[in-house]
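**Q** This is the structure, below, for whatever I ask next.
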Amino acid sequence: MAIAKHVVDEVRARADIVSVIGQSVTLRRAGSSWVGLCPFHNEKSASFNVVPSKQIYHCFGCGAGGDVFTFLQKTRGVGFLDAVRELAGQVGVVVEERQLSPEERLRNSRRKDLYDTCEAAAKWYGTTLLVGREGAPGRDYLAQRGVTLDTARKYRLGYAPEGWNNLENHLKAEGFDADLMLRAGLIKKQESRGTTYDVFRGRLLFSILDDRGRPIAFGGRAMPGADKDSPKYLNSPGTEIYEKSKVLYGLSWARTAIQRRDRLLVVEGYFDAVSLWQAGFEEAVAPCGTALTAEHLDIIRRLTLKVIALFDSDEAGLTAAVRSLALFLSAGVEARRLDLPGAKDPDEYVQKFGAAGFEERLTKTEPLLELVIRRTLDKHGPSAEGRGRAADELVPTLRRLTGTVREATIRRAAGWMGMPDAELHRIVGGTASSTAVEPAPRRWMPDKDLAHLLWLVVHFPTESGAALESADPSQISELPEVLETIARLVDGEGLPSVLEALKDRAPDLARTLSQAAANSDLYRVDTAEYAARSIVARMELRGVESQILTINREIHHCETTGDKSSYAERVRQLSLLYARQATLKKLVNRRGGGRTGC
Ligand SMILES: [Zn+2]
C-alpha cells in the first residue's frame, strides 16, 4: 500500500531534518549546514553533514546519505512507509490509508490499544523501580548486580512489586480495561474463581521493545531468595504484537552502535545485554528466552554481517552455539565465538574485569565453525572410524561454505582429521567453482566535469538549466539515469524525491548527489551559469575531438582504397568538426574566476 507522493513530500517538508537527526546525533552549525559524528561509521572528527536547505544528510567518511526518511529507516530499522507514517504523526500530517479493509482498520486500532497498554505498564514498572516505595527490593537487587539507576532509566528496566493486582489496579485507574491487559499478556485469568491476577509479581523487569522503540513485552527476573518453585526468568507470552522469534532484546538501543562498529554481540540473557551497554558495548542484543531463529538472522544481516556469539561457557551454551551455526551460514553472516574464561557469562565477565578487560578479550574470538569442527571431532574420537563419522557429520556444514572460506576451512578441517586436503575436498564435493563468490559490482563514479555539473544542477538548477538548454545529452552522459536526474532537478524537483527514485536503481549516483549537496562552496551563484556552460563545452569538445580522430583514420583508409566519394564526404565532415572544435575551445578557455575554492 503506497502513500501518495504529495503526502510524502509534505511530511518531509514539515519535518525539520536537523531536529530529527539531532535526536540521535549531536550536531553543531557549520555555515549553512550542520555537522556531527557519523552514526554509521566510527570516526573521531565530524564528517557527517546535514543540509537543511536541501533536506538531506551526507557523510563524507562513509558515503551514507539520503533524506529524513532514509535516516529513520537506517537508524530504526523500519521500512519507508513506516518512516513516513511515524514522522507524519509527529508533524501532524494525516496519512490516509484508504486501501485498508474494515477488518484491517479494526485490527490496527486494536493493536494501537495494545501498544498503549504496554507503554503504560512499562512506565508504571519503571517509576516503581526508580522511585516507588515498593520498588526498594528491585533497587537493592540492581545495586547488587552492579547496574546503576541511570542505566535502569535509560534501558527502561522496571519492578513489579509483590501482590496480585497492583498493575491491574493501576492500569484500570488509567482507563485500560482488563481485556486489553489480558491480550497484552500482562494479567491472567484464574478460571476457577473468575478472577484475574498480574503475570509479573516480585520481579525485576526488562522492557522488550519493537523496532519503533515501543514496549511490547517484558522479561522478569525473580528476586534472590524467591520461592524456589517459581522460575528464575518469566517472559511475556506471545501476543498480537509480540512474536518472540522475531524480536531481539535491546535492538532499539543497539541498532546504531551495530552499524557504527559493524558488528553485533549476541548474548544469552537480559542482564548480559544491560551490563555490556553500561560498560559501553552498545552493540549487544539477546534473543528473548528462545534460541536464535532464521527471523532473527534476517534482522541481523540488514545491520551487519559480523556476529560475535557470547553464549554461556557451560555445556548448554556450547550446544546453542553449535546449533546456531547453520543459521549463520545460511544467512551469509560471519559468526565468531568468544569464550570468557573465569566467568559464567558476559555480565559476570564485565563486572569482574571491567570494560577494558572485555575489550581486550574481544580480540580473542574464533570462528564459530572451528569450534563446531573441533567438538565434532572430539565427540567421535581419534580412531579411523571416528574420523569418518565426524567427516560425515560435518560434510553438510562444509558444503554451505563458499569461496576462499571454503578452501581454508576444508584445509584446516582436513589437518585436524589427519586426512589429505584432496580427500576431504572430494567428500565435500567439487561444487566450489559453482558457488564461488561473485565479484562485487563496480562502483560508478562521475569524472570531474560531470561531478561539477551535477553539483551545479543540485545547487543552481535555474542557472545550470539555462546553460544546458542547447547541450547535446549524449555528450553529457551515456547513462539514462544521469540525464533523467539532471532533467528532474532542472525542472525544480526537490533533491530528496530525486534521491528516493535513485536509491535502488542507481545508489552510486544518489551518493554523488547527496555528497554534492553537502559540499556547499564550489561555485557562486553569479558564476554558476557560466561555469555550467564551460563544463558542457568541455564535454562536447571531448566528443568532437574523438570524432576528429575517427574521421582522420577513415580518411586514411579511403586514401589507401582510393574511394573518392567517401573521401570527399569525410573531408567535408572534418572541416565542420574543426570549426566546432575552435568554437568550443574558446568557450572552454574563457572559463576561470567562477570557482570559489576546492
Ligand atoms: Zn559515515
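A short reminder: the numbers here are calculations on the coordinates, not readings from a lab. Nothing here was measured: the structure is a model prediction, and the numbers come from that model. When we count neighbours, we look across all protein chains shown, and the Cβ atoms used for this are built from the backbone with ideal geometry, even at glycine.
**Q** Based on the mean of other Cβ atoms within 10 Å per residue, sort peptides 12-22, 242-252 so the most packed one is first.
**A** 242-252, 12-22
**Q** When Cys59, Cys118 are ordered from fewest to most other Cβ atoms inside 10 Å of their Cβ, what list results?
**A** On the way: Cys59 24, Cys118 28.
Taking fewest neighbouring Cβ atoms as first place, the list is Cys59, Cys118.
**Q** Taking every DSSP beta bridge with both residues inside the chain, roughly what % is antiparallel (nearest 5)?
**A** Of all bridge pairs located within the chain, approximately 80 percent are antiparallel.
**Q** Where the centroid of each part is defined by its Cα atoms, how far is region 209-236 from region 50-86 in Å?
**A** 34
**Q** In debye, nearest 20, what is the charge dipole magnitude of region 31-174 about its Cα centre with +1 on Lys and Arg Cβ and -1 on Asp and Glu Cβ, if you could check? Intermediate values should be presented prior to the final figure.
**A** On the way: 19 positive and 17 negative charges, 54 e Å.
Charge dipole of region 31-174: 260 debye, to the nearest 20.
**Q** Taking 0.36 nm per intervening residue step and subtracting the Cα-Cα distance, what contour gain separates Arg301 from Lys154 on full extension?
**A** Contour length minus the Cα-Cα distance gives 50.3 nm.
**Q** Report Rg (one decimal) and Dmax (nearest whole number) for the chain, counting Cα atoms only, units Å.
**A** In order Rg, Dmax, the Cα atoms of the chain give 31.4, 111 Å.
**Q** I've got another one for you. Please name whichever of Ile187, Ala331, Leu577 sits farthest to the positive end of the charge dipole of the chain, dipole taken about the Cα centre and charges placed at Cβ: Lys and Arg +1, Asp and Glu -1.
**A** Selected residue: Leu577.
**Q** Projected area of region 448-589, taken from the Cα convex hull and averaged over every viewing direction, in nm²?
**A** 9.9
**Q** Using just the C-alpha positions of region 246-364 as equal point scatterers, what log10 of I(q)/I(0) does the Debye formula give at each q in 0.10, 0.13, 0.14 1/Å?
**A** -0.25, -0.43, -0.50
**Q** What nm value, rounded to one decimal, do you get for the distance between Ser474 and Lys364 when each label is placed 7 Å out toward the C-beta?
**A** For Ser474 paired with Lys364, the spin-label model returns 6.7 nm.
**Q** Out of residues 5 or more away from Gly66 or on other chains, whose amide H comes under 5 Å of its own, with H placed 1.01 Å from N in the peptide plane?
**A** Under 5 Å from the amide H of Gly66 lie the amide H atoms of Tyr57, each far enough along the sequence or on another chain.
**Q** How do the peptides 208-218, 354-364 rank, highest first, by the average count of neighbouring beta carbon atoms within 10 Å per residue? Intermediate values should be presented prior to the final figure.
**A** Details: 208-218: 21.8, 354-364: 13.6.
Ranking, from highest mean packing down: 208-218, 354-364.
**Q** I'd like to know which of Val25, Pro215, Val247 lies farthest towards the positive end of the charge dipole of the chain, counting +1 on Cβ of Lys and Arg and -1 on Cβ of Asp and Glu.
**A** Result: Val25, furthest along the dipole toward the positive end.
**Q** What's the whole-number percent of alpha carbon pairs in region 5-91 lying beyond 19 angstrom? Intermediate results must be reported in sequence, preceding the final value.
**A** Details: 1234 of 3741 pairs.
Across region 5-91, Cα pairs with separations above 19 Å total 33 percent.
**Q** How are the C-alpha pair distances of region 370-428 spread across 5 Å bins, as whole percents from the shortest bin up?
**A** With a bin width of 5 Å, the distribution comes to 4, 21, 36, 27, 10, 2, 0.
**Q** Helix 368-380 versus the longest principal axis of the chain: what angle, 0 to 90°, nearest 10, using Cα atoms?
**A** 50
**Q** Dipole of region 448-589, Cα-centred, from +1 at each Lys and Arg C-beta and -1 at each Asp and Glu C-beta, to the nearest 20 debye?
**A** With only Lys, Arg, Asp and Glu charged at Cβ, the dipole is about 520 debye.
**Q** Moving on to the next point. Say each of Gln581 and Val91 gets a label point 7 Å from the Cα, pointing the same way as Cα to Cβ; how far apart are those two points in nm?
**A** My value for the distance between the label points is 5.3 nm.
**Q** For Asp177, what is the net charge nearby, where nearby means another residue's Cβ is under 13 Å from its Cβ and Lys, Arg count +1, Asp, Glu -1? Provide the component values of the computation, followed by the final result.
**A** Values: positive: Arg110, Lys172, Arg183; negative: Asp113, Asp116, Glu168, Glu174, Asp179.
Net charge in that neighbourhood comes out at -2.
**Q** When the scattering of region 102-242 is computed by the Debye formula from its Cα atoms alone, each counted once and equally, what is log10 I(q)/I(0) at q = 0.12, 0.14, 0.17, 0.18 Å⁻¹?
**A** -0.47, -0.63, -0.92, -1.02
**Q** Can you pick out the pairs among Lys172/Lys232; Lys154/Lys344; Lys44/Lys344 whose Cα atoms lie more than 31 Å from each other?
**A** Details: Lys172/Lys232 28 Å; Lys154/Lys344 26 Å; Lys44/Lys344 35 Å.
Listed pairs above 31 Å: Lys44/Lys344.
**Q** I've got another one for you. State to the nearest 20 debye the size of the charge dipole of region 5-91 about its Cα centre, where the only charges are +1 on K and R beta carbons and -1 on D and E beta carbons.
**A** Charge dipole of region 5-91: 140 debye, to the nearest 20.
**Q** Between Ala284, Leu167, Ser520, whose Cα lies farthest towards the positive end of the dipole of the chain when Lys and Arg beta carbons carry +1 and Asp and Glu beta carbons carry -1, centred on the Cα centre?
**A** The residue sitting most towards the positive pole is Ser520.
**Q** So what J values fall out for region 152-165 if you push phi through Karplus, 6.51 cos²θ - 1.76 cosθ + 1.60 with θ = phi - 60°, rounded to Hz, Gly and Pro as x?
**A** These are the phi-based 3J(HN,Hα) values: 4, 5, 4, 9, 6, 6, x, 9, 9, x, 4, x, 8, 9 Hz.
**Q** Could you rank the peptides 510-517, 391-398 by their average count of other C-beta atoms within 10 Å per residue, with the highest value first?
**A** Sorting 510-517, 391-398 by mean packing, highest first, produces 510-517, 391-398.
**Q** Rounded, prolate or oblate: which one fits region 297-404, using the alpha carbon gyration tensor with axes a ≥ b ≥ c (rounded when a/c is under 1.5, else prolate when a/b beats b/c, else oblate)?
**A** Oblate, since a/c reaches 1.5 and b/c is not below a/b.
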